[in-house]
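Working notes, beginning with the structure itself.
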Amino acid sequence: MFDCHARKIDYLRISITDRCNLNCQYCTPHPFLSRGFYKEILSYEEILRLVKLGVGLGISKVRITGGEPLVRRGVYDFLEKIVHIKGLNDVSLTTNGVLLKANIHKIKSAGIKRINISLDTLSRKKYKKITGSDSFDRVCEGIESARQYGFDPIRINAVILKGINDNELADFAKLSFSHPFQIRFIEYMPMGATTSKKDWYIPMAEMKKKINGAGKLAKLASDPNDGPVKRYKFENAKGEIGFISPVSDHFCEKCNRIRLTAQGNLRPCLLSDYEIGIKKALRAKASDRQLTDIMIKAVRSKPAGHGISKDSLCTIFDSMAAIGG
Ligand code: SAM
């Protein structure tokens, strides 16, 4: 499936809930829909129907995200069903890791092979400040249990915020010497309720400077499955580090994604609030052809690029928790 800018769209990111068990300062969600209004969010059956139709259009890769996907009841059965959809060759999960240790066996037996775990600090105290929760140890145990269960790669995502955790960049990077992790430093995007915090933004180039001195970094050749990351490795390190720079060096021309929000909207571009609803049609017993047409319309309306750059940090109303990062 190609969009109007000749980009092949084969990657669907699905937020299965807007609820989260953390309250990260930079991701503060709007009031959760799925708490009192659970009918507002798509059912698993509805999501699975859309994914199957998406596969018919060329979707081959899916990521399950949220909110926090592991807080939604029934998620492990859902993961198993989605993994078994014919035509999908990559189903992965993004989680904050809080519930990982207790459920890692269920994730493994559902057939998930790749997990991204979000961890923005190596300090217990700062973790509480950023997330509002005392769960630092639980996340670390979750990462360790993922390693023990043979998940490979284990990706650790850290959103870097100026004045909050940018002084930990070198320590994070050094973790890759002893651990086979893929550590990803992500530029903060001003979105949702945090849009006034533009001073948190720190560009990739500045992050790199702060890592200099931790060791000799070599750039790794990019792999077609890398997505938007720029990958590096220290000499003799077990793991690697990478930068995701949607603001300072965007990757719109290579974007292969479309998003399905928990509320049942297709979102052509993460950094544009334009969405096309599909829930109403689903619940009005639309035919497969009609739903497919809505999906094609969403893909066709993908903009050539987003409007955020280091010179114009324009803001997005929806929070990442609502969209699914
Ligand atoms: N709860 C899961 C988690 O924490 O990984 C999945 C959802 S979370 C919205 C997905 C990712 O988006 C996380 O890595 C989070 O750090 C990132 N994120 C949230 N708000 C962001 C922002 N304003 N800028 C950059 N990344 C953000």
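The values are calculated or read from the model by the stated rules, or taken from the named source; none is laboratory data. Keep in mind the model is a prediction, meaning the values are calculated, not measured. Glycine gets a Cβ as well: all are built from the backbone with ideal geometry, and neighbour counts include every protein chain shown. Surface areas here come from the heavy atoms of the whole protein model, side chains and all, with no ligands, DNA or RNA. Shrake-Rupley method; radii C 1.70, N 1.55, O 1.52, S 1.80 Å.
Computed quantities for the displayed model
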| item | result |
| --- | --- |
| Options ILE164, ILE143; residue that is modelled with pLDDT of 95 or more, outside any strand (DSSP E or B), more than 16 Å from the chain's Cα centre (by Cα) and over 22 Å from ARG114 (Cβ atoms) | ILE164 |
| Evaluation of ALA262 against (1) aliphatic (A, V, I, L, M); (2) under 15 Å from the mean Cα position of the chain (by Cα); (3) outside any loop (DSSP other than H, G, I, E, B) (one fails), failing number | (3) |
| Output for the stretch 56-83, where each listed residue is over 14 Å from ARG19 (Cα atoms), open to solvent by 30 Å² or more (accessible area, probe 1.4 Å), part of a helix (DSSP H, G or I) and not basic (Lys, Arg) | GLY56, TYR76, ASP77, GLU80, VAL83 |
| Leading residue by the ranking (farthest from the chain's Cα centre (by Cα)) among those in the stretch 235-250 that are within 14 Å of the ligand (Cβ to nearest atom), open to solvent by 20 Å² or more (accessible area, probe 1.4 Å) and not polar (S, T, N, Q) | HIS250 |
| Subset of the stretch 128-179 [in contact with an Asp or Glu (Cβ under 7 Å, 6 or more places away or on another chain) and open to solvent by 10 Å² or more (accessible area, probe 1.4 Å)] | LYS128, VAL159, LYS162 |
| Residue that is farthest from VAL55 (Cα to Cα), among those in the stretch 66-103 that are more than 10 Å from the ligand (Cβ to nearest atom) and of a type in the set (Asp, Glu) | ASP77 |
| Residue check, ILE41 within 16 Å of the ligand (Cβ to nearest atom) and modelled with pLDDT under 95 | yes |
| Where ASP223 falls short, out of the listed (1) more than 16 Å from the ligand (Cβ to nearest atom); (2) assigned to a helix (DSSP H, G or I); (3) among the acidic types (Asp, Glu) | (2) |
| Count of the stretch 104-127 residues which are within 16 Å of the ligand (Cβ to nearest atom) and open to solvent by 20 Å² or more (accessible area, probe 1.4 Å) | 4 |
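Yes/no per residue for (1) in contact with a strand residue (DSSP E or B) (Cβ under 9 Å, 6 or more places away or on another chain); (2) within 12 Å of the ligand (Cβ to nearest atom); (3) not hydrophobic (A, V, I, L, M, F, W, C):
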{"position": "TYR201", "(1), (2), (3)": "yes, yes, yes"}
{"position": "MET204", "(1), (2), (3)": "yes, no, no"}
{"position": "ASN256", "(1), (2), (3)": "yes, no, yes"}
{"position": "GLN263", "(1), (2), (3)": "yes, no, yes"}
